[in-house]
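Trainee: Structure incoming, see below.
The values are calculated or read from the model by the stated rules, or taken from the named source; none is laboratory data. Owing to the predicted nature of the structure, the values given are computational and were not obtained by experimental measurement. Note that we place each Cβ from the backbone using ideal geometry, even for glycine, and neighbour counts take in every protein chain shown. Ligands, DNA and RNA are excluded from the accessible area calculation, which covers all protein heavy atoms including side chains. Shrake-Rupley method; radii C 1.70, N 1.55, O 1.52, S 1.80 Å.
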Amino acid sequence: MPILEVNNLRLAFGGLQVLDDVSFTVNEGEIYAIIGPNGAGKTSILNCLGGFYRQQAGDIIFTGNDISSLSPDRRAALGLARTFQNIALFHGMTVLDNIKLGSHAHLKSGLLDTLLYWGRAHREEMKLREEIEREIIDFLEIEHIRKQPVSTLAYGLQKRVELARALAMRPKILLLDEPVAGMNAEETEDMVRFILDIQEERDLTIVIIEHDMRMIMDISDRIMVLNFGCKIAEGTPGEIQKHPEVLKAYLGEKRKHG
Amino acid sequence: MDFFLLLLTSGIAVGGIYALIALGFVLIYKATSIINFATGEFMMIGAYIFYTCTVLVGMPAIPAFLMVMAGAGLLGLLVEKTILRHMLGQPTISIVMVTIGLSSILMGLAEIIWSSDFKSFPPLFPRAPIVIGNLIIRSNLFWGFVVAMITVAIFALIFKYAKIGVAMRATAGDQMAAFSMGINVRSMFTLAWIFGSMAASIGGLIIGNIGGVQPNLGGVGLKIFPVVILGGLDSIGGAVIGGFIVGIIENLAGGYLDSLVGGGVKNVAPFIVLVLILMFRPYGLFGRKEIERL
Amino acid sequence: MRIGDYKESYAADEAVFSTPTSRFWLGVLFAAMAAFPFFAGDYLLYMANITGIAIVAALGLNILTGATGQISLGHAAFIGIGAYTSAILTNRFGLPYLLCLPLAGLAAAFFGILVGAPSMRMKGLYLCITTLAAQVIFEFLFVHWETLTGGIRGLNVPAPEVFGLKIDSEFSFYWITAVVVIIAATVSRNLFRTRMGRAFIAIRDRDISAELMGINLFRYKLYAFAISSFLAGIAGSLWVGHLRSITPEHFPLHESIRYLAMIIVGGLGNILGAIYGAIFMTMIPELLQSVLKYFESMFPQAMAFLFPLQTVVFGLLIVVFLVFEPHGLAEIWCRIKNFFRLWPFKH
């Protein structure tokens, strides 16, 4: 059953065509990967899904509703969560506050509750803290750093905190932009384990962009290949590895250089 | 009708002077992306140096002017080397606040050195008012306008054609690219501060020549914000157009409305126009929305 | 010496004053605040009152500029709006002071929202210039809307009455200031324990990803403007109750800059910082004055330099703190505290 449908997406900056008529469907519970050479438009797709870029044409259907005209914050509230290629944590806050911020849209307390901090706001914050501790901090094994300012953390841990923050958004779909880029082998292995656990234990749908081919072939259910803003192939890892267009545009290019 | 033309001409003349002051701001912003809230105080310091050289030391106008240029250049150099160099990579708010702090320091120092009394320059231009048709323009205003326009033209030409100007423009366009082309980006920053300070100080001379010098002369510098927002923060042409718009608006508004509300309209009108324009064009009349990246 | 950090529940971990030591010092602080007026003379009480008023205003600016990252050059104008509202409500409608206080806050908040409204479409410098425009325009209105504001002569108000008591001395006004300061500080602190405060900081740190995390930028910027100018309005009302007269000269641009200096010197985005900064910046003129008094015997005109020297010192503090100590006094204080926490077993 499809959770996300993207139809005929077009995006251009001035004369530069970034996405050209891209359509794809992501099914509930699967890991869907988007791959392609640098500048193929992978991150632009995520930016359109999140609402940061506005496409010139095409629509985005999420859980049956057209979200194309919604603002980014509304889309987040509906259950679209993402991580970023260049980590985008809030540097003025601790790990815990960064994660709590992810739950923003699900909290109810208003201005007055907040200022007085009794009754609803207090109960809500306590409940949030317990949930985050139980379901996220514990799960991602970041208890030891919860009170640290994020700017003091190592790169791999920052990526993990970003994942934690995305989980706190209680997403229906998780968009991961190069979750293991720049990580060493051990960190990559940890991250892959977390991603697989998330998908299995929480029935989450995951869209992932990554350059690490071995990892992509290992974990994805289906893969879409982009080149110069066009979709050139889609299929299971096995199909993609044999696809002539892909070999030409992507893997072939690699082989030449290698 | 004559009253209108009178207001219009003085508006144009004042506008030309605003354009020069705004240029002092834009030169720095263009090269370094720093919003210099101390532009007005740079003007004021220039005017005081001129006053000191001519009245207190007794120099003739031309050497005194050269002293102003040297002093302004030095001020720009010092400010960049001692303060702003340390602020590279800091958030905008900190950089803006540093220049606000700087303006406070300069204003206080000026009052300590020269006291808060009004000072005036010796007469620089022929006293006789300029008569065009049946319009009469105050001579200081007219000559101030002429000097301002010549200065703006010189800076524009340097920026457009001189080797150093081209290097500055390249730096403004793309710092990394300029760096890889062998341009010394850091010295371009310093140079921008020197040029910006010089342009502002000439503006200060003109304003001081018209209305006398006082530590709060730099208050005129606040008007560059309506000017540059109207004209676009990073364009010399825009600064000129913005300057004229603000000069004309404030003179017309002052001329027609002052009697109704008891004065002061001149100073507030540009800001009202600014707010109105920003409501409809949040990036100014000529500014472009930047494409943001994550 | 205290070591370690052991808590049994998340609630205890979330509490602000979580250790017995910190609760003890809070108690000492309250006791000192309560005892102070019985020992202090009028001059010290006067200083305490104007410091308290500055703290309330600085806490407000800290929310907008320090936490949310929106530079405001118009904070003094909002204080002015509160002050004029309070004076007009007292003089024309005879409202009791305790009612004027929140109404002054609401009036300032209303104008704060108005000034913040363009933030829907613009940010950074453009918004900062809009607040500058607001400062200039409101100052103009204070001077020229004579029927309402009394023009340059300003307004005089009678001493406020609270529960039938005339508040006409530094001693009696101290209690009002103290209570308002405690409320303002508590409310600020609460704000940053909940989703609203986190949203503010997120907007300051990375507005784009904050929006992708589900934060409605426009709404939260307006909240920041509203809360910040509400506190400014309250400070303005306190000002009127304390001084019993206002003129437009009290709310110029350099007053706005003085408040910015407070939160920078104290530490941007830090509540304790705003308080330290307000105290520090209110003391400076007094300090300078006593220094100049000392030199008066040698230089008879030394006092003439008081005002410009103040201007220079304010500017220098802004620059020096931003260049060398960007986290302000609050950070310095933390370093001192941490040094003594493990002292004498530093290593």
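Trainee: Out of (1) facing chain C (nearest Cβ under 7 Å); (2) touching a residue at least 60 places away in the same chain (Cβ under 8 Å), what's the single condition that is false for A:ALA40?
Mentor: Result: A:ALA40 passes all but (1).
Trainee: Which number in (1) at pLDDT below 90; (2) within 14 Å of chain A (Cβ to nearest Cβ) marks the one condition that C:THR68 misses?
Mentor: Going through the list (1) at pLDDT below 90; (2) within 14 Å of chain A (Cβ to nearest Cβ), C:THR68 breaks only (1).
Trainee: Test B:ILE207 against the stated conditions and say whether it is away from chain C (no Cβ under 11 Å), assigned to a helix (DSSP H, G or I), buried (at least 24 other Cβ atoms within 10 Å of the Cβ) and in contact (Cβ under 8 Å) with a residue 12 or more places away in the chain.
Mentor: Working: away from chain C (no Cβ under 11 Å): yes; assigned to a helix (DSSP H, G or I): yes; buried (at least 24 other Cβ atoms within 10 Å of the Cβ): yes; in contact (Cβ under 8 Å) with a residue 12 or more places away in the chain: yes.
Here the answer is yes, as B:ILE207 does meet what is asked.
Trainee: Run C:PHE218 past the list (1) modelled with pLDDT under 90; (2) within 14 Å of chain A (Cβ to nearest Cβ) and report the number of the one that doesn't hold.
Mentor: Condition not satisfied by C:PHE218: (1).
Trainee: Limited to the stretch C:200-224, what total is found for residues that are open to solvent by less than 20 Å² (accessible area, probe 1.4 Å), touching a residue at least 24 places away in the same chain (Cβ under 8 Å) and of a type outside the set (Phe, Trp, Tyr)? Working first, answer last.
Mentor: First, pick out the residues of the stretch C:200-224 that are open to solvent by less than 20 Å² (accessible area, probe 1.4 Å): C:200, C:202-203, C:209-210, C:212-215, C:220-221, C:224.
Then keep just the ones that are touching a residue at least 24 places away in the same chain (Cβ under 8 Å); that gives C:200, C:203, C:220-221, C:224.
Still in the list and also of a type outside the set (Phe, Trp, Tyr): C:203, C:221, C:224.
Number of matching residues: 3.
Trainee: Take the stretch C:119-150 and flag every residue that is open to solvent by 10 Å² or more (accessible area, probe 1.4 Å), within 11 Å of chain B (Cβ to nearest Cβ) and not in a helix (DSSP H, G or I).
Mentor: If the condition is that a residue be open to solvent by 10 Å² or more (accessible area, probe 1.4 Å), within 11 Å of chain B (Cβ to nearest Cβ) and not in a helix (DSSP H, G or I), then C:ARG121, C:LYS123, C:GLY124, C:TRP145 are the ones that fit.
Trainee: Only one of C:GLY116, C:GLY52 is open to solvent by less than 50 Å² (accessible area, probe 1.4 Å) and either under 19 Å from C:GLY273 (Cβ atoms) or at pLDDT 90 or above (or both); which?
Mentor: Values: C:GLY116 fails: either under 19 Å from C:GLY273 (Cβ atoms) or at pLDDT 90 or above (or both).
Answer to the check: C:GLY52.
Trainee: A further question follows. Residues in the stretch B:188-204: is at least one over 19 Å from the mean Cα position of the chain (by Cα), open to solvent by 30 Å² or more (accessible area, probe 1.4 Å) and at pLDDT below 90?
Mentor: Residues of the stretch B:188-204 that are over 19 Å from the mean Cα position of the chain (by Cα), as a first pass: B:188.
Now drop any that are not open to solvent by 30 Å² or more (accessible area, probe 1.4 Å), which leaves none.
Scanning the stretch B:188-204 turns up no residue that is over 19 Å from the mean Cα position of the chain (by Cα), open to solvent by 30 Å² or more (accessible area, probe 1.4 Å) and at pLDDT below 90.
Trainee: Would you say C:ALA178 is among the aliphatic types (A, V, I, L, M), in contact with a helix residue (DSSP H, G or I) (Cβ under 8 Å, 6 or more places away or on another chain) and within 14 Å of chain A (Cβ to nearest Cβ)? Before you say what the answer is, go through the steps one by one.
Mentor: Numbers: among the aliphatic types (A, V, I, L, M): yes; in contact with a helix residue (DSSP H, G or I) (Cβ under 8 Å, 6 or more places away or on another chain): yes; within 14 Å of chain A (Cβ to nearest Cβ): no.
Answer is no for this residue.
Trainee: Starting from residues that are among the charged types (D, E, K, R) and over 21 Å from the mean Cα position of the chain (by Cα), keep the ones in the stretch B:143-187 and report whichever is farthest from B:LEU74 (Cα to Cα). Let's see the steps before the verdict.
Mentor: Restricting attention to the stretch B:143-187, the residues satisfying the condition of being among the charged types (D, E, K, R) are B:160, B:163, B:169, B:174, B:186.
Applying the additional criterion that residues be over 21 Å from the mean Cα position of the chain (by Cα) yields B:163, B:174, B:186.
Working: B:LYS163: 22, B:ASP174: 27, B:ARG186: 16 Å.
Restricting to residues being among the charged types (D, E, K, R) and over 21 Å from the mean Cα position of the chain (by Cα), the top hit is B:ASP174.
Trainee: Ok, one more. Which ranges mark the helices (runs of 4 or more DSSP H) fully within the stretch C:204-295 that have 2 or more residues being under 14 Å from the mean Cα position of the chain (by Cα)?
Mentor: Values: elements: C:207-212, C:217-243, C:253-266.
Where helices (runs of 4 or more DSSP H) fall fully within the stretch C:204-295 and carry at least 2 residues being under 14 Å from the mean Cα position of the chain (by Cα), they are C:217-243, C:253-266.
Trainee: Still on this structure, I have one more. Within 13 Å of chain B (Cβ to nearest Cβ) and either hydrophobic (A, V, I, L, M, F, W, C) or buried (at least 19 other Cβ atoms within 10 Å of the Cβ) (or both), is that true of C:ILE284? Please lay out each step first, then the result.
Mentor: On the way: within 13 Å of chain B (Cβ to nearest Cβ): yes; either hydrophobic (A, V, I, L, M, F, W, C) or buried (at least 19 other Cβ atoms within 10 Å of the Cβ) (or both): yes.
Yes; evaluated as a whole, the condition is true for this residue.
Trainee: Here is a follow-up. Could you grab the pairs with beta carbons closer than 9 Å, sequence gap of 6+ or different chains, first residue in the stretch B:111-131 and at the interface with chain C (Cβ under 10 Å from one of its Cβ atoms), second one open to solvent by 90 Å² or more (accessible area, probe 1.4 Å) and of a type outside the set (S, T, N, Q)?
Mentor: B:GLU111/C:PHE307; B:SER116/C:PHE307
Trainee: Collect the residues in the stretch A:68-118 that are at positive phi and either open to solvent by 40 Å² or more (accessible area, probe 1.4 Å) or more than 9 Å from every other protein chain (Cβ to nearest Cβ) (or both), keeping them in residue-number order.
Mentor: From the stretch A:68-118, those at positive phi are A:79, A:117; that's our starting set.
Once the filter is applied, which keeps residues that are at positive phi and either open to solvent by 40 Å² or more (accessible area, probe 1.4 Å) or more than 9 Å from every other protein chain (Cβ to nearest Cβ) (or both), the stretch A:68-118 yields only A:GLY79.
Trainee: Identify all residues within the stretch C:151-178 that are open to solvent by less than 80 Å² (accessible area, probe 1.4 Å) and assigned to a helix (DSSP H, G or I); write none if there are none. Let's see the steps before the verdict.
Mentor: Start the filter on the stretch C:151-178 by keeping residues that are open to solvent by less than 80 Å² (accessible area, probe 1.4 Å), which leaves C:151, C:154-155, C:157-160, C:162, C:164, C:167, C:169-174, C:176-178.
Matches in the stretch C:151-178: C:GLY151, C:GLU170, C:PHE171, C:SER172, C:PHE173, C:TYR174, C:ILE176, C:THR177, C:ALA178.
Trainee: Can you name every residue in the stretch C:71-91 that is within 14 Å of chain B (Cβ to nearest Cβ) and in a helix (DSSP H, G or I)? I'd like the intermediate steps shown before the answer.
Mentor: From the stretch C:71-91, those within 14 Å of chain B (Cβ to nearest Cβ) are C:71-77; that's our starting set.
Residues satisfying the conditions are C:HIS75, C:ALA76, C:ALA77.
Trainee: Which one of A:ARG165, A:ARG160, A:ARG170, A:ARG146 is in contact (Cβ under 8 Å) with a residue 40 or more places away in the chain and more than 30 Å from A:ILE61 (Cβ to Cβ)?
Mentor: Values: A:ARG165 fails: more than 30 Å from A:ILE61 (Cβ to Cβ); A:ARG160 fails: in contact (Cβ under 8 Å) with a residue 40 or more places away in the chain; A:ARG170 fails: more than 30 Å from A:ILE61 (Cβ to Cβ).
Only one candidate qualifies: A:ARG146.
Trainee: Next question. Would you mind stating whether C:HIS254 is under 14 Å from B:ILE100 (Cβ atoms) and open to solvent by 50 Å² or more (accessible area, probe 1.4 Å)? So that I can check it myself, show each step before the final result.
Mentor: Working: under 14 Å from B:ILE100 (Cβ atoms): yes; open to solvent by 50 Å² or more (accessible area, probe 1.4 Å): yes.
For C:HIS254, the condition - under 14 Å from B:ILE100 (Cβ atoms) and open to solvent by 50 Å² or more (accessible area, probe 1.4 Å) - is met.
Trainee: Please enumerate the residues belonging to the stretch C:319-331 that are in a helix (DSSP H, G or I), open to solvent by 50 Å² or more (accessible area, probe 1.4 Å) and either among the β-branched types (Val, Ile, Thr) or in contact (Cβ under 8 Å) with a residue 12 or more places away in the chain (or both). Lay out the reasoning, then the answer.
Mentor: Within the stretch C:319-331, the first condition is being in a helix (DSSP H, G or I), and the residues that meet it are C:319-324, C:328-331.
Checking which are open to solvent by 50 Å² or more (accessible area, probe 1.4 Å) leaves us with C:320, C:324, C:331.
Passing the criteria: C:VAL320, C:GLU331.
Trainee: Working only within the stretch B:1-27, note down all residues that are over 18 Å from B:PRO270 (Cα atoms) and touching a Ser or Thr at 6+ places or on another chain (Cβ under 8 Å).
Mentor: Listed by number, the residues that qualify are B:GLY24, B:VAL26.
Trainee: Still on this model: For the stretch B:216-237, which residues satisfy the criterion of being open to solvent by 10 Å² or more (accessible area, probe 1.4 Å), within 14 Å of chain C (Cβ to nearest Cβ) and not hydrophobic (A, V, I, L, M, F, W, C)?
Mentor: Within the stretch B:216-237, B:ASN216, B:GLY219, B:LYS223, B:ASP234 meet the criteria.
Trainee: Okay, next question. Kindly indicate which of C:ARG193, C:ARG198 is in a loop (DSSP other than H, G, I, E, B) and under 21 Å from the mean Cα position of the chain (by Cα).
Mentor: That would be C:ARG193, the only listed residue that is in a loop (DSSP other than H, G, I, E, B) and under 21 Å from the mean Cα position of the chain (by Cα).
Trainee: Might you check whether a residue that is in contact (Cβ under 8 Å) with a residue 40 or more places away in the chain and over 21 Å from B:VAL228 (Cβ atoms) occurs anywhere in the stretch B:19-30? Before the answer, list the steps.
Mentor: The first filter runs over the stretch B:19-30 and keeps only residues in contact (Cβ under 8 Å) with a residue 40 or more places away in the chain, leaving B:19-30.
Those still in the list that are over 21 Å from B:VAL228 (Cβ atoms) too: none.
The answer is no; no qualifying residue exists.
Trainee: Could you list, ordered by first residue, the pairs with Cβ atoms under 9 Å in which the first is in the stretch C:302-318 and facing chain B (nearest Cβ under 7 Å) and the second is among the hydroxyl-bearing types (Ser, Thr, Tyr) and open to solvent by less than 50 Å² (accessible area, probe 1.4 Å), at least 6 apart or interchain?
Mentor: As it stands, the answer is C:PRO308/B:SER115; C:THR311/B:SER104; C:VAL312/B:SER104; C:PHE314/B:SER104; C:GLY315/B:SER103; C:GLY315/B:SER104; C:LEU316/B:SER104; C:ILE318/B:SER104, since those pairs meet every condition given.
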